[in-house]
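Structure first, commentary second.
The values are calculated or read from the model by the stated rules, or taken from the named source; none is laboratory data. In this text, all values refer to a predicted model and were calculated from it rather than measured experimentally. Glycine gets a Cβ as well: all are built from the backbone with ideal geometry, and neighbour counts include every protein chain shown.
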Amino acid sequence: MTTIAQKRIKIPTEKDMGAYLMVYFKDDTHGLYMALSKDGYSFTDVNNAKPVIAGDSIALQKGIRDPHITRGPDGVFYMVMTDLHIYAKKMGLRDTEWERDGAAFGWGNNRSIVLMRSVDLINWTRSIIRVDQAFPALAEIGCAWAPELIYDEKEEKLMMYFTMRFGNGKNKLYYSYLNKSFNGLETEPKLLFDYPKDISYIDADITKVRNTYHMFYVPHDGIPGIKQARSTAINKGYVFDDKWYDPEPKACEAPNVWKRIGTNKYVLMYDIYGINPHNFGFSETEDFVSFKDLGHLNEGVMKATNFSSPKHPAVIQLTLKEAEKLAKHWNLKFAD
C-alpha cells in the first residue's frame, strides 16, 4: 500500500459535488469493487466489473465483505470492511468451513475488521483490528460484521458501529470510537440500540439530517427487512419504530442512505438477498416518513451499466475532479 501524502486537503462541500461513488463486493471474489455515476441513477464499474482491491491482499481471512466508505472532516476517505471469506474452505484457503467451531461460534464467525484510508481513492493505507483482542471482555465474540463509520461532532472522533455477538448468541448492534491513527479501538464497544424482542438484528446505517439521526437496520423478526429508529443523539436514545421501510416481500439487508446532490431527496438502498438472482432495491424520501419505491437495479430508473450481482453497497458524493481522477486511473471514460 502507498502511504498517504501528508498535505493540506481542501474540504469540499455539497455545492462542490458532481458525482457519486458506489463501493460493493461480490461473493465470487470477496474483493472490493467501485462504480461511478454522474447523475445518481446510472452507475459504471471503474474496472469493468473486476475488483479494484483483491480481498486476499488485505484481509486475514483472504476475503472482505460489507464495504462502507465515508469522507472524514479532514477530507480524507475512510473505509471499513468485514474481514470474512464465507467460501474459504471451498476455495482451498482453510481446512475448516469457519475459522472456529461453528457450533460454538455460529455461521461465518470472524474476529477482524479491515480499515483503510486514502486522499485520492487510489492509494490506500491499511490496518486490521482484531476485535476479540482489543478488550478482555471481547475474547469470545462470535462475529464482527458490517462495520460503518460516522463522525461524532461532539466527541470530534470517528465512531464505528457494527454487528457483534458473543459466542453463538444473538447478533446485536454496537459502537466504539476509533483512535486518531485509525488503526485501533479507543473505547470498548457498547450497545447502540436494544431491539424490544430477543432476536438478532444487524446492519445499521446512520444518517444525520438536521438534528435527527436516522438509523436503518435489519431485524430478523419474521422475514428480514429494513426498519428505522430515530434519535437526537448519535449513539443512544434511538426510538423503536415497528414499521417496515422496504417494500420487498422477500428478505433484504444492508441498508445504506445517500443524498442526491443539490436536492432534499435521500435514497434508501438495500440488498435483496431473498430473491434469485439477488439484487439491490431503492426507495426515495424527503421526510424519512414516506418513501417512493424506485424498483430494483436494472428493473427501474436505477441502472448498472457493466456489472451484475453486486452485494452490500455504500454510496458517497464526490467532486467531478475526484471522480475523473479515479476513472482515469482505471482507464474508464467518465469526462464529457
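Of the residues making up segment 129-153, those that are of a type in the set (A, V, I, L, M), out of contact with any strand residue (DSSP E or B) (no Cβ under 7 Å at 6 or more places or on another chain) and either closer than 15 Å to ASP83 by Cα or not in a loop (DSSP other than H, G, I, E, B) (or both) are ALA137, LEU138.
Within segment 251-302, how many residues turn out to be touching a strand residue (DSSP E or B) at 6+ places or on another chain (Cβ under 6 Å), in contact (Cβ under 8 Å) with a residue 24 or more places away in the chain and basic (Lys, Arg)? Final tally of qualifying residues: 1.
Just for segment 231-273: of the residues that are in contact with a Ser or Thr (Cβ under 6 Å, 6 or more places away or on another chain) and among the aliphatic types (A, V, I, L, M), which one is farthest from LEU192 (Cα to Cα)? Applying the filter and picking the extreme gives LEU268.
Scan the strands (runs of 3 or more DSSP E) fully inside segment 1-81 and keep the ones with 3 or more residues being over 18 Å from the mean Cα position of the chain (by Cα) and surrounded by 14 or more Cβ atoms within 10 Å (Cβ to Cβ). Talk me through it step by step, then tell me what you get.
Values: elements: 17-25, 32-37, 42-45, 64-71.
Correct list: 17-25.
A residue that is crowded, with 16+ Cβ neighbours inside 10 Å and either assigned to a loop (DSSP other than H, G, I, E, B) or modelled with pLDDT under 95 (or both) can be found somewhere in segment 265-273. The condition of being surrounded by 17 or more Cβ atoms within 10 Å (Cβ to Cβ) and under 18 Å from the mean Cα position of the chain (by Cα) holds for only one of TYR213, TYR195, that being TYR213. Within segment 125-144, residues that are in contact (Cβ under 8 Å) with a residue 40 or more places away in the chain have Cβ atoms under 9 Å from residues that are of a type in the set (Asp, Glu) and not in a strand (DSSP E or B) in these pairs: ALA134/GLU188; PHE135/GLU188; ALA137/GLU188; LEU138/ASP132; LEU138/GLU188; ALA144/ASP132, counting only partners at least 6 apart in sequence or on another chain. Could you list all residues from segment 221-252 that are assigned to a loop (DSSP other than H, G, I, E, B) and among the basic types (Lys, Arg)? Those that are assigned to a loop (DSSP other than H, G, I, E, B) and among the basic types (Lys, Arg): LYS236, LYS243, LYS250. Look at segment 41-63: where a residue is within 17 Å of TYR20 (Cα to Cα) and a partner is surrounded by fewer than 23 Cβ atoms within 10 Å (Cβ to Cβ) and among the basic types (Lys, Arg), sitting 6+ places away or on another chain with Cβ atoms under 8 Å, you get TYR41/LYS303; SER42/LYS303; PHE43/LYS303. Every test in (1) under 17 Å from the mean Cα position of the chain (by Cα); (2) part of a strand (DSSP E or B); (3) closer than 27 Å to LEU268 by Cβ; (4) of a type outside the set (Ser, Thr, Tyr) is passed by ARG165 save one, and that test is (1). Taking segment 153-166 as the range and being out of contact with any Pro (no Cβ under 8 Å at 6 or more places or on another chain) and surrounded by 15 or more Cβ atoms within 10 Å (Cβ to Cβ) as the test, the residues that pass are LYS157, LEU158, MET159, THR163, ARG165, PHE166.
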